[in-house]
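The values are calculated or read from the model by the stated rules, or taken from the named source; none is laboratory data. The shown structure was predicted, so the numbers you read here are calculated from the model rather than taken from an experiment. Don't worry about glycine lacking a Cβ; one is built from the backbone with ideal geometry, like all the others, and counts go over all protein chains shown. Side chains are part of the model used for accessible areas, which takes the heavy atoms of the whole protein and leaves out ligands, DNA and RNA. Shrake-Rupley method; radii C 1.70, N 1.55, O 1.52, S 1.80 Å.
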Amino acid sequence: IRPSSLVYGPWVSMAIPTGGLPFFGKNIVCIGDSITENGDYPTRLAARLSANVTKIGFGGCRMGKHDTNTAGLLYDKMCMYQLARYINTATYTELTTAAADLFALNGDDNRTQAAAFAAINWATVDVIVIAFGTNDWAGLVPLGTTTSADGTTFRGAINYTVDKILSAQPHIKIVFVGPMWRQRYLSGDGLESDTNPNSSGDYLIEFADATIEMANLNKIPALDMYRESGINIYNYATMLIDGLHPATTIGYQRVADKIGAFLTAKL
């Protein structure tokens, strides 16, 4: 602030009462795939909102069911519909055991985040931000119907997730974050998602739309990151490190800003 006289001194900080910050001291858990695991947007979100934010990211994982090969069966235990089941039953042995077995199998170490997930007191969590979809598309998870209710389809996994979390912890506010546009399918191939479907003929934007559709049907807010991230064919070389994952600082700051603004507007 500035003094009212015409003699100006240095700028000084203006104290903001804690009651004036809607997320001050709130507990938020961000759950997602490698975009969450490898990035710092939860830390940036915490700074923006003055909230306590826990990051839970499992690279390669999906909203719905993973592959049925050996590694896929272990990754499946870390997919969102399974995580919702653990919250519902308050049992986490499957998750922590799968993380240990996966590390022994191929060196992918998800043990820290599995332990962190198991340690969360969900009764104290205010908001869960759920960000999946890009691996469901790449992994050929069927979209399913609006009445699907299990992890074998994408829409079904969303319904199942909402059911299991809110049946056990009805006070929690769930927010879905849809998948972003991506400049490639496999690294370096340049098969951007607007014009290139997966081998099942599904486009990534269909998974983005399904996220919004199912969130709406469940009376839950969903952020359309596909259309509203501002990351596109013109700036992806700056905003993304590999055509898919956000770039350190600028890319992840964009994700944090979008999610932070959405939470502030919708919750």
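Matching residues to (1) open to solvent by less than 10 Å² (accessible area, probe 1.4 Å); (2) part of a loop (DSSP other than H, G, I, E, B):
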position	(1), (2)
ILE128	yes, no
ASP136	yes, no
LEU140	no, yes
ALA149	no, yes
ASN159	no, no
SER193	yes, yes
ASN196	no, yes
ASP202	no, yes
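When the stretch 83-107 is filtered for residues that are among the small types (Gly, Ala, Ser) and within 16 Å of ILE120 (Cβ to Cβ), the ones remaining, listed by number, are ALA84, ALA90, ALA99. Scanning the stretch 15-36 for residues that are open to solvent by 50 Å² or more (accessible area, probe 1.4 Å) and modelled with pLDDT of 95 or more, we see that the one that is nearest to the chain's Cα centre (by Cα) is LYS26.
Against the numbered list (1) crowded, with 20+ Cβ neighbours inside 10 Å; (2) more than 22 Å from TYR252 (Cα to Cα), GLY72 comes up short only at (1). Scan the stretch 105-126 for residues that are under 10 Å from ILE172 (Cα atoms) and either of a type outside the set (Phe, Trp, Tyr) or assigned to a loop (DSSP other than H, G, I, E, B) (or both) and the total you get is 4. Take the residues of the stretch 161-191 that are within 26 Å of PRO246 (Cβ to Cβ) and among the charged types (D, E, K, R): which is least open to solvent (accessible area, probe 1.4 Å)? Ranking the qualifying residues of the stretch 161-191, first place goes to ARG182. Filtered by the rule that a residue be without any contact (Cβ under 8 Å) to a residue 40 or more places away in the chain and in contact with a helix residue (DSSP H, G or I) (Cβ under 9 Å, 6 or more places away or on another chain), the stretch 228-248 gives GLU228, GLY230, THR238, MET239, ILE241, ALA247. Screening GLU94 on (1) touching a residue at least 12 places away in the same chain (Cβ under 8 Å); (2) open to solvent by less than 50 Å² (accessible area, probe 1.4 Å); (3) more than 20 Å from the chain's Cα centre (by Cα) shows it passes everything except condition (2).
For ALA104, the test of being over 24 Å from PHE262 (Cα atoms), open to solvent by 20 Å² or more (accessible area, probe 1.4 Å) and without any contact (Cβ under 8 Å) to a residue 12 or more places away in the chain is passed.
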